[in-house]
Amino acid sequence: MNACCMKAVVIPHVRGAWTVSQVAIPEPKHDEVLIKLHASGICYSDVHLTQGSLPGKFPQILGHEPAGEIVAVGAAVTSRTVGDRVGLAWNQRSCGRCEWCLGGRPRFCLHGISTGIEVAGSHAEYMSAPADATMLIPDALSYEQAAPIFCAGYTVWGGLQYADPKPHERVAVVGIGGLGHLAVQYAKAAGFETIAVTHSPDKRALATQLGADAVVESGAELAALGGADIILGTGNSHQAMVDAIAGLRPEGRLVWMGVAEDPFVVPARLFEQRGRIVASGQNGAQYLYEALDLAARGKVRVMEECFPIDQAAEAYERVATGKALFRAVLVM
Ligand SMILES: [Zn+2]
Ligand SMILES: [Zn+2]
């Protein structure tokens with residue numbers, strides 16, 4: 001690359017402002033690619049990192065929902081080429097030598113490198129990343145639609161699978177927001193009867209549009225409809241997930257996929273029903289591949305607001321205050 005500088009959203013310190021700055025374009029290492037970003041989704045984890053409720057390193061460029069095209073490759077890269085459309089998920093490198101790496105579960109590696117934590121993320125015009133950490137984006141999927149799949153879509157599809165759903169089981173989704181609006185669509189794409197649980201009257205019609213077979217307000221209402229075998233707990237309220245347990249069927253699973261600030265008090269009902277709480281992140285590249293493929297085939301559509309990178313601070317504010325409908329994406 002000849003150009004020396006790019007725009008990037010730099011956060012100078014914890015609780016600092018999202019500031020568009022000029023910084024050097026990264027040089028890809030021998031096993032890395034340089035990605036010219038076209039879209040970068042803002043995840044609620046970016047809010048946690050900015051506010052210090054998740055540990056981060058500053059100054060930093062956040063962003064772990066990248067989508068762009070490869071414009072340069074390192075000398076040792078054989079599996080990617082200039083022009084490939086790619087993105088990558090949060091975990092990008094691991095040590096390759098510990099019990100977790102050797103056992104095929106590198107997300108538990110204590111020496112992992114995460115996008116936007118240990119190294120610069122994607123709220124910028126360019127980023128470098130290990131070629132092996134990238135995933136090809138299906139041709140039918142735009143960059144703007146692909147970006148949020150690299151965290152939000154991957155999380156809900158991987159979480160649903162991790163609950164080990166069986167044919168004929170019923171799925172409920174708690175919270176119709178950044179993760180939840182995708183969870184409803186992924187559960188329907190997989191063929192499950194799906195019930196949305198939301199306290200917001202204005203989201204009821206939307207949940208139906210997204211494919212929900214029924215919409216209820218509470219765990220008690222979910223129970224009255226016969227309950228759900230799997231509850232996908234999304235959103236920023238533990239209380240809403242705990243309340244939904246009233247509608248969990250015997251041996252049901254609550255998938256906890258959104259970390260909130262309020263206490264998580266497990267009700268006795270979970271014990272009586274021999275239920276399980278399954279904490280779940282992204283669970284392996286096959287789920288990212290499938291999540292992108294389902295979106296490319298039109299079975300899942302991200303509802304999003306796009307902002308030019310110069311309006312990053314405004315976009316961040318929309319996400320931090322819960323106003324974004326439902327993902328905010330920076331476009332370059
Ligand atoms: Zn995320
Ligand atoms: Zn390791």
- prompt: Roughly how tilted is helix 180-189, in degrees to the nearest 10 and between 0 and 90, from the longest Cα axis of the chain?
  reply: 80
message: How compact is the range 154-279 by the rule of thumb for globular proteins, expressed as Cα Rg over 2.2 N^0.38 Å?
response: 0.91
field: Crossing angle, helix 285-296 versus the chain [Cα axis fit, 0-90 degrees, rounded to tens]
entry: 80
- prompt: Which residue fluctuates the most in the chain, going by a Gaussian network model with Cα springs under 10 Å, if the choices are PRO106, PRO263, PRO59?
  reply: PRO263
- line: When TRP90, TRP100 are ranked with the fewest other C-beta atoms within 10 Å first, the list becomes TRP100, TRP90
message: Going by amide H atoms built from the backbone, whose H comes under 5 Å of the H on VAL255, apart from near neighbours?
response: ILE231, LEU232, GLY233, VAL278
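How would you rank CYS98, CYS4, CYS151, going from fewest to most other Cβ atoms within 10 Å of each one's own Cβ?
The fewest-first ordering by Cβ neighbours comes to CYS4, CYS98, CYS151.
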Amide H contacts under 5 Å for PHE326, placed H, 5+ residues apart: MET303, GLU304, GLU305
task: Kindly express, to the nearest 10 degrees and within the range 0 to 90, the angle between helix 152-162's C-alpha long axis and the longest C-alpha principal axis of the chain.
output: 50
field: 3J(HN,Hα) from dihedral phi, the range 23-36, Karplus parametrisation 6.51/-1.76/1.60, rounded to Hz, x for glycine, proline
entry: 9, 5, 5, x, 8, x, 6, 4, 9, 10, 10, 9, 10, 7
- prompt: Which residues' amide hydrogens lie under 5 Å from the amide hydrogen of GLU193, considering only partners 5 or more residues apart or on another chain, with H built in the peptide plane?
  reply: VAL171
field: For the chain, share of DSSP beta bridges that run antiparallel, in % to the nearest 5
entry: 55
query: Residue farthest toward the positive end of the dipole of the chain, with Cβ of Lys/Arg at +1 and Asp/Glu at -1: which of ALA207, GLN51, GLY112?
result: GLY112
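Please return the longest range in the chain lying between exposed loop sites, taking trypsin sites (Lys or Arg not before Pro), DSSP loop only, at most 12 other beta-carbon atoms within 10 Å, and leaving the sites out.
With a cap of 12 other Cβ atoms within 10 Å, the longest stretch comes to 98-273.
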query: Which of THR78, THR208 comes first, and how do the rest follow, when ranked by fewest Cβ neighbours within 10 Å?
result: THR78, THR208
statement: Computed for the chain: size of charge dipole around the Cα centre, +1 on C-beta of each Lys and Arg, -1 on C-beta of each Asp and Glu, debye to nearest 20, value 340
- prompt: Among PRO308, LEU292, VAL319, whose Cα sits farthest toward the positive end of the charge dipole of the range 289-332 (+1 at Cβ of Lys/Arg, -1 at Cβ of Asp/Glu, about the Cα centre)?
  reply: LEU292
- prompt: Under 29 Å from the Cα of LYS7, which lysines turn up, not counting those fewer than eight places away in the same chain?
  reply: LYS29, LYS36, LYS57, LYS323
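Magnitude of the Cβ-charge dipole of the range 154-279, K/R +1 and D/E -1, about the Cα centre, nearest 20 debye?
Charge dipole of the range 154-279: 220 debye, to the nearest 20.
Rule-based calculations on the coordinates, nothing more; no lab input. Here the structure is a predicted model, which means the values were calculated and not measured. Because the Cβ atoms are built from the backbone with ideal geometry, glycine has one as well, and the counts that use them run over all protein chains shown.
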